[in-house]
1. Scan region 53-78 residue by residue and report those that are in a loop (DSSP other than H, G, I, E, B) and surrounded by 15 or more Cβ atoms within 10 Å (Cβ to Cβ).
2. Only residues in region 157-179 that are more than 24 Å from ASP189 (Cβ to Cβ) and free of Cβ contacts under 8 Å to residues at least 12 places away in the same chain count as the first member; pair them with residues that are of a type in the set (A, V, I, L, M) and outside any loop (DSSP other than H, G, I, E, B), Cβ under 8 angstrom, at least 6 apart or cross-chain, and list the lot.
3. Among the residues of region 151-166, is there at least one that is modelled with pLDDT of 95 or more, of a type in the set (Asp, Glu) and surrounded by fewer than 16 Cβ atoms within 10 Å (Cβ to Cβ)?
4. For residues that are within 20 Å of the chain's Cα centre (by Cα) and aliphatic (A, V, I, L, M), scanning just region 1-26, find the one that is nearest to ASP118 (Cα to Cα).
5. Do the conditions hold for TRP95, that is, is it hydrophobic (A, V, I, L, M, F, W, C), in contact (Cβ under 8 Å) with a residue 40 or more places away in the chain and part of a helix (DSSP H, G or I)?
6. Can you tell me which residue is farthest from PRO144 (Cα to Cα) among those in region 170-193 that are hydrophobic (A, V, I, L, M, F, W, C) and in a helix (DSSP H, G or I)?
7. Does GLU138 satisfy the condition of being within 18 Å of GLN72 (Cβ to Cβ) and of a type in the set (Asp, Glu)?
8. Across region 167-179, what is the total count of residues that are touching a Phe, Trp or Tyr at 6+ places or on another chain (Cβ under 8 Å) and surrounded by 19 or more Cβ atoms within 10 Å (Cβ to Cβ)?
Amino acid sequence: MKYPCLVVDHDDTVVNSTATVHYPCFVQYVKEFFPGYSCTLEEYFIKNFDPGVVAFFRDDVGLSEAQMKHEQAYWNEYVQDHVPRAYEGMREILWEQKNRGGKLCVISHSYGKNILRDYRENDLPEPDMVYGWECPPERRKPDPWALKEIMRKTGLGPDALLMLDDLKPGYDMAHACGVRFAAAGWANDIPEIEGFMRENCDLYFKTVPELRAYLFD
């Protein structure tokens, strides 16, 4: 086991959720409340990559603070009836990490309760810690607070952790903490995202089997 603690993002890293849940919800929302706005799935991926979901909704879509809260409630209601599926092979990786005595933690922009539901529905091992959207805004990813909390609670240093994420905010968080970062490249084939991740990240994995081979073989 190369890393005693594996820190994973949730959406588009462990589960295939943007294409099957979040983007369809977004399309439905803007059609109902912002009919003059539209974007493709590829554009949605890119804008979530950089500048990130909050800046995207505020500056690009044009949501006010009140509308952001309304969209958040709308999205949260939508995801209760739409469970994303784990990527093939991810279940085996997470169980092997746990079965070998390693820690498994999640840092995500989804709510912790929804993350735990997705883990149960996909027969994934229960994470040791989850830091989701319920964290105060100033402590959400890319702020390094959650990653520092994991190190504090486990007593592990940066070299003992690997952070796995598909988006730039995860990279920014890991970089700020001196934690090695692995890019999950299996959610999309967008050159702009893949190019940045390959150039800047410590590790890049295009497929789930590549990740498993690196971690355990």
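The values are calculated or read from the model by the stated rules, or taken from the named source; none is laboratory data. All values reported here derive from a predicted model rather than from experimental measurement. Don't worry about glycine lacking a Cβ; one is built from the backbone with ideal geometry, like all the others, and counts go over all protein chains shown.
1. Selection gives LEU63 alone.
2. Going by the 8 Å Cβ cut-off, the qualifying pairs are GLY157/MET151.
3. yes
4. Of everything passing the filter in region 1-26, VAL15 is nearest to ASP118 (Cα to Cα).
5. No.
6. ILE193
7. Here the answer is yes, as GLU138 does meet what is asked.
8. 5
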